[in-house]
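Asks: Shown below is the structure under consideration.
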């Protein structure tokens with residue numbers, strides 16, 4: 001591979017902050033941020049920043065081009081959403097989780113090679129697939145456990161914990177390793193550990209085997225849907241053959257008795273025929289994966305739930321993805337502004353656990369409206385106040401109140417959906433939510449590239465209001481499909 005071209009450090013004229021609004025519009029957003037950073041950093045950090053400048057000059061990426069990452073992740077999420085039910089029916093919960101972890105391993109392997117940007121984008125398609133598939137599997141099985149509400153809150157808090165710790169690890173790695181993309185190999189190692197842990201812990205079992213472990217220990221194997229279908233069809237065929245054999249034997253006995261009665265005149269009555277063995281009813285054939293998906297899509301409330309998930313997960317990722325750029329460019333922040341992302345995800349982690357008592361007191365439905373209203377009000381504060389520290393604190397509290405909304409929504413679904421629909425719907429919500437996490441940050445990046453990064457706040461306010469309005473259309477009573485079983 002040819003070495004990268006050497007680019008001389010930028011001159012002071014090239015790094016000067018544009019003195020007028022007209023000239024500022026002629027500079028790219030990244031160059032403007034770079035110049036601001038160089039003015040506040042000490043000389044050693046400036047030298048490292050010069051290397052960043054050179055890389056930026058080579059790549060010449062803007063907000064919209066970087067957002068292509070979210071596009072390919074969106075594709076992976078959609079594929080996972082549409083195939084989740086089929087995958088679960090064919091290989092079961094345990095292997096579906098392993099497949100999701102394997103997708104992560106492939107993703108980080110592609111991203112860590114330092115290959116061209118197109119390969120990086122393909123890697124994020126695998127990333128989106130793995131995230132959506134795992135999210136769907138874990139949410140569904142957690143909702144079926146005892147004390148599911150508390151367990152769901154802790155499971156979702158672990159998701160926020162990962163978002164809290166990741167910036168510390170990646171920032172430290174990038175500060176000490178020249179080829180920062182090697183960080184993806186660290187992530188790949190973590191994913192491989194997770195793959196092995198899930199393979200051992202779930203033992204390739206289905207969801208039924210994990211929910212009813214006594215059946216597994218007793219040796220009563222609960223097969224996947226496809227295996228059950230074959231076994232039940234074979235049992236029905238065997239029962240049919242047995243009934244036909246019994247009927248033939250009864251007919252033969254009847255004829256034999258009639259012949260005997262004719263030859264033996266002393267018999268006063270004919271021999272009674274042997275009663276036929278009644279046919280056992282054929283077992284009910286389980287619904288196929290396609291039939292399940294038809295029932296799910298024929299349920300009107302499911303469309304509102306998918307729209308809610310798309311907007312909610314999309315807005316939380318959009319805020320965390322672009323808040324650093326917002327704080328640097330619009331609030332005069334420096335490199336430390338990146339820690340606001342840690343505050344946001346840390347707030348989300350703590351909120352999902354700390355607000356449990358309030359959620360249990362108010363109920364899942366009312367708490368969703370309350371927390372969303374507070375988060376929207378905090379976004380308005382960030383929008384209309386020009387304070388770096390104040391905005392950073394508000395972002396943390398936005399995460400704090402947004403955090404419990406999604407696990408509460410999952411518990412509402414667990415209470416209102418039929419059991420045969422719940423797993424598929426939660427899977428679709430997780431996958432469509434992953435699609436929102438890909439599409440909405442991309443949209444926010446495109447808007448910021450066209451009109452400026454200040455648009456992050458009105459976009460966030462609009463998205464929070466939109467998902468709250470969609471949630472209002474979800475019924476509180478039992479949800480039924482328009483297509484019967």
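Please treat every number below as a calculation from the coordinates, not as lab data. Fair warning: this is a prediction, and the values are worked out from it, not measured in the lab. Reconstructed Cβ throughout: ideal geometry from the backbone, glycine too, with neighbour counts over all protein chains shown.
Asks: Taking square-rooted eigenvalues a ≥ b ≥ c of the alpha carbon gyration tensor, is the stretch 307-377 rounded, prolate or oblate, where a/c under 1.5 means rounded and, failing that, a/b exceeding b/c means prolate?
Replies: prolate
Asks: Between residue 380 and residue 415, take the C-beta separation as r, use R0 = 30 Å, and let me know the FRET efficiency to the nearest 0.05.
Replies: 0.40
Asks: Right, here's the next one. Give the shape of the stretch 78-183 as rounded, prolate or oblate, defined through the alpha-carbon gyration tensor: a ≥ b ≥ c are the square roots of its eigenvalues, a/c under 1.5 means rounded, and otherwise the shape is prolate if a/b is larger than b/c and oblate if not.
Replies: Oblate shape, in that a/c is at least 1.5 and b/c is the bigger or equal ratio.
Asks: Need one word for the stretch 331-420: rounded, prolate or oblate. Basis is the Cα gyration tensor (sqrt eigenvalues a ≥ b ≥ c); a/c below 1.5 gives rounded, then a/b vs b/c decides.
Replies: prolate
Asks: Here's another thing I want to ask about it. Cβ neighbours within 10 Å, averaged per peptide: list 398-407, 326-335 in order, most packed at the top.
Replies: By packing density, highest mean first, the sequence is 398-407, 326-335.
Asks: Further, regarding this structure: State the extension gain, in nm to one decimal, for the chain segment bounded by residue 118 and residue 86, taking 0.36 nm per residue of separation less the distance between their alpha-carbons.
Replies: The residue 118-residue 86 span can extend by a further 8.6 nm.
Asks: Work out the FRET efficiency for residue 168 and residue 334 from their Cβ-Cβ distance, taking R0 = 22 Å, and round it to the nearest 0.05.
Replies: Plugging the Cβ-Cβ distance into 1/(1 + (r/R0)^6) gives 0.80.
Asks: Going highest first, how would you order 129-136, 97-104 by mean Cβ packing within 10 Å?
Replies: Highest-to-lowest ranking by the protection proxy: 129-136, 97-104.
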